[in-house]
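Report on the structure given below.
The values are calculated or read from the model by the stated rules, or taken from the named source; none is laboratory data. Bear in mind the structure is a predicted one, so any value in this text is a computation, not a measurement. Neighbour counts are summed over all protein chains in view; Cβ atoms, including those assigned to glycine, are modelled from backbone coordinates with ideal geometry. Note: accessible area is taken over every heavy atom of the protein model, side chains too, but ligands, DNA and RNA are not part of it. Shrake-Rupley method; radii C 1.70, N 1.55, O 1.52, S 1.80 Å.
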Amino acid sequence: MKSEKKIMLSEEEIPRQWYNIQADMPNKLSPPLHPATKKPIGPEDLAPIFPMELIRQEVSQERWIDIPEEVVDKYKIWRPTPLIRAYQLEKALDTPAKIYYKYEGASPAGSHKANTSIPQAYYNKVAGIKRLATETGAGQWGSALSLACSFYGLECTVYMVKISCSQKPYRRSFMQTYGAEVIASPSDRTQAGRNVLATNPDSLGSLGLAISEAVEDAAGRADTNYALGSVLNHVILHQTVIGLEAKKQLAIAGDYPDVVIGACGGGSNFAGIAFPFLMDRFAGKAVRALAVEPTACPTLTRGIFAYDYGDLGKLTPIVKMYTLGHNFMPSGIHAGGLRYHGESPLVSQLYHDGFIEAQAYNQREIFEAALIFAKSEGIIPAPESAHAIRGAVVEALKAKEAGKSSTILFSLSGHGHFDMAAYDTYLAGDTKDVPCDDQELQANLADLPQV
C-alpha cells in the first residue's frame, strides 16, 4: 500500500465516536467566566443560546463521545475524506520527506467546517430550535452551517465580516443558495454593529465583532440559538474525525507522522487533525504538532495567555486563552478565516504547556506555497489552508537540508475556488505583507478584563 496515491476508507470506517482531549490533558482548563459578574458560568448561563447536549459536550471529561447515527448518515455524503500522499510536491521540493495531506475540501461546503455544522444543526433541531444565527470570516463556516440548516429545515442568518463579504461575493451567493440570510458585519441590525458604525462607518469588521452581532441576535429571540464554527470545546470535539480517520489511513500505509500541521485561526481545523495524535504523545509517542497562523493575526506567536472576551461586544464568556485583545482589528488579509483575536482555550492550554508549536508567516509566503502546491498536486487551496502547506514546505526543506527523511502530515482544510480574486491579486504582484503593529497590539492587550 505504500505506493498508493490515495488511501481511502469505507463508510463503515467513519469514526463512531469523537475524541475528547479534555480527558487526557495534564492541566485542565481554567473555568469560563460570566462576562458581567466575572464568576464561573454554569449550564444555565449558556442555555439561552445553546442546546443542552452541546453544553454537556462543552464540559465533558469523557474520552469518547458517541456520534449520533443521524449525524454519521450525513457524514457519509463526503466522509471518509481521502488521505493523499503528495508525491508530486515531494518531487518539486526535492525532499526526502514523505508528505501526506488529509483533504477536507471534499465536503459539499468545500471545507472541514461541515464536520461540526452537521451535529450542531442536528442537536438544535432535536431541541426544537427553528433558527440559527452565526458569524463567518472567509465564508467557509457560514457555507457549512447554511448547508446543515438546509438539511434540517432550520432558518439560518449569517453575519459575514464585511471585508470578506466584499472580497468573496460568490461565497455569499453560495450561502444564499442553501437558503441563508447573509448580512455584512458591522451591520445596523444589532446594537454591537451600530456602535462600531457610529465611530467607524468604514470598518472592515472582524470575527470578534461578527460574533457579537450573532450572539446578540440569538439572545433576542426565543426560537433562535447561536452556532460557532471554531474555538469552543464542542466544536473542537467534532473536528477530531479528521485526525481519527488519518490515523487509520496512515496505519494502512504503514506510516506514522513525525509532525502534524494545521492552519490555526480559532483552532478547530488544527485541533481536528492534531488532537488524536496528541493522545499518542500523552502516552509517550514522539510526534510534534505545529499550528500555523498569519503574521497579521499572530495569536499564539505574539499574543498572551490570559482571560479575555471572545467577542468585541463583551457578550460572550470570558475565557483563558491566547489573545491579541478583544478590541484587535486585524488587517484585511485574504485568509479571512484566520482573522480572530483569540484562540481555542484547549489549543491555548496545550500550547502553554509545550505540547504544541506555532509559526507565523506573511501573505506572500503563503501564496508562494499555495502555487507550488497547486502546480504539483493540482488542488488550488484556500488561503487559510495554504498556511498549513507553507508549514509543510518548510518542514520538508528542513529534512532536505538535514539529509534525513521525515513523515509530514497536514490538513488541507478547504479548496480555494471562491478565493480566485485573492490569487488574481497575488499573480498581479499586488499582495502586500501586513504584519501586526506592535504599538496597536500592546494597546489592545492593555485593555484585557481584570479578573
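Key figures for this structure:
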{"quantity": "Residue check, K28 farther than 30 Å from F151 by Cα, open to solvent by 70 Å² or more (accessible area, probe 1.4 Å) and within 23 Å of the chain's Cα centre (by Cα)", "calculated": "yes"}
{"quantity": "Of the criteria (1) exposed (fewer than 15 other Cβ atoms within 10 Å of the Cβ); (2) part of a strand (DSSP E or B), which one E62 fails", "calculated": "(2)"}
{"quantity": "Evaluation of V158 against (1) farther than 21 Å from L250 by Cβ; (2) out of contact with any Ser or Thr (no Cβ under 8 Å at 6 or more places or on another chain) (one fails), failing number", "calculated": "(2)"}
{"quantity": "Options I408, I366; residue that is β-branched (V, I, T), farther than 30 Å from K38 by Cα and not in a helix (DSSP H, G or I)", "calculated": "I408"}
{"quantity": "Per-region count, the range 390-404, residues without any contact (Cβ under 8 Å) to a residue 40 or more places away in the chain and open to solvent by less than 40 Å² (accessible area, probe 1.4 Å)", "calculated": "1"}
{"quantity": "Within the range 335-377, considering residues that are within 17 Å of F410 (Cα to Cα) and of a type in the set (S, T, N, Q), the one surrounded by the fewest Cβ atoms within 10 Å (Cβ to Cβ)", "calculated": "S376"}
{"quantity": "Flag if S10 is within 22 Å of Y256 (Cβ to Cβ) and in contact (Cβ under 8 Å) with a residue 40 or more places away in the chain", "calculated": "yes"}
{"quantity": "Search result, residues across the range 107-128 that are in a loop (DSSP other than H, G, I, E, B) and surrounded by fewer than 24 Cβ atoms within 10 Å (Cβ to Cβ)", "calculated": "P108, A127, G128"}
{"quantity": "Residue check, P381 at pLDDT 95 or above and under 24 Å from E90 (Cα atoms)", "calculated": "yes"}
{"quantity": "Every pair of residues 6+ apart whose Cβ atoms lie under 6 Å, when the first sits in the range 231-249 and is within 28 Å of G208 (Cβ to Cβ) while the second is open to solvent by 10 Å² or more (accessible area, probe 1.4 Å) and assigned to a helix (DSSP H, G or I)", "calculated": "N233/E58; H234/E58"}
{"quantity": "Subset of the range 411-446 that is charged (D, E, K, R), open to solvent by 70 Å² or more (accessible area, probe 1.4 Å) and part of a loop (DSSP other than H, G, I, E, B) - its residue that is farthest from D94 (Cα to Cα)", "calculated": "D437"}
{"quantity": "Pick from the range 288-326, criterion charged (D, E, K, R) and open to solvent by 20 Å² or more (accessible area, probe 1.4 Å), ranking: nearest to K432 (Cα to Cα)", "calculated": "R302"}
{"quantity": "Residue in the range 72-89 that is farther than 30 Å from D255 by Cβ, surrounded by fewer than 19 Cβ atoms within 10 Å (Cβ to Cβ) and in contact with a His (Cβ under 8 Å, 6 or more places away or on another chain) present", "calculated": "no"}
{"quantity": "I304 under 20 Å from the mean Cα position of the chain (by Cα) and farther than 15 Å from Q359 by Cβ", "calculated": "yes"}
{"quantity": "Number of positions in the range 425-445 that are touching a Lys or Arg at 6+ places or on another chain (Cβ under 7 Å) and more than 17 Å from E368 (Cα to Cα)", "calculated": "2"}
{"quantity": "Total residues in the range 86-106, condition of a type outside the set (K, R), in contact with a Leu (Cβ under 7 Å, 6 or more places away or on another chain) and not in a helix (DSSP H, G or I)", "calculated": "5"}
{"quantity": "Search result, residues across the range 42-59 that are assigned to a loop (DSSP other than H, G, I, E, B) and surrounded by 18 or more Cβ atoms within 10 Å (Cβ to Cβ)", "calculated": "I49, F50, P51"}
{"quantity": "Subset of the range 164-181 (residues that are surrounded by fewer than 23 Cβ atoms within 10 Å (Cβ to Cβ) and outside any loop (DSSP other than H, G, I, E, B))", "calculated": "S166, Q167, P169, Y170, S173, F174, Q176, T177, E181"}
{"quantity": "Test: Y152 is surrounded by fewer than 24 Cβ atoms within 10 Å (Cβ to Cβ), in contact (Cβ under 8 Å) with a residue 40 or more places away in the chain and in contact with a helix residue (DSSP H, G or I) (Cβ under 6 Å, 6 or more places away or on another chain)", "calculated": "no"}
{"quantity": "Condition met for A97 (touching a Phe, Trp or Tyr at 6+ places or on another chain (Cβ under 7 Å), under 24 Å from P257 (Cα atoms) and open to solvent by less than 50 Å² (accessible area, probe 1.4 Å))", "calculated": "no"}
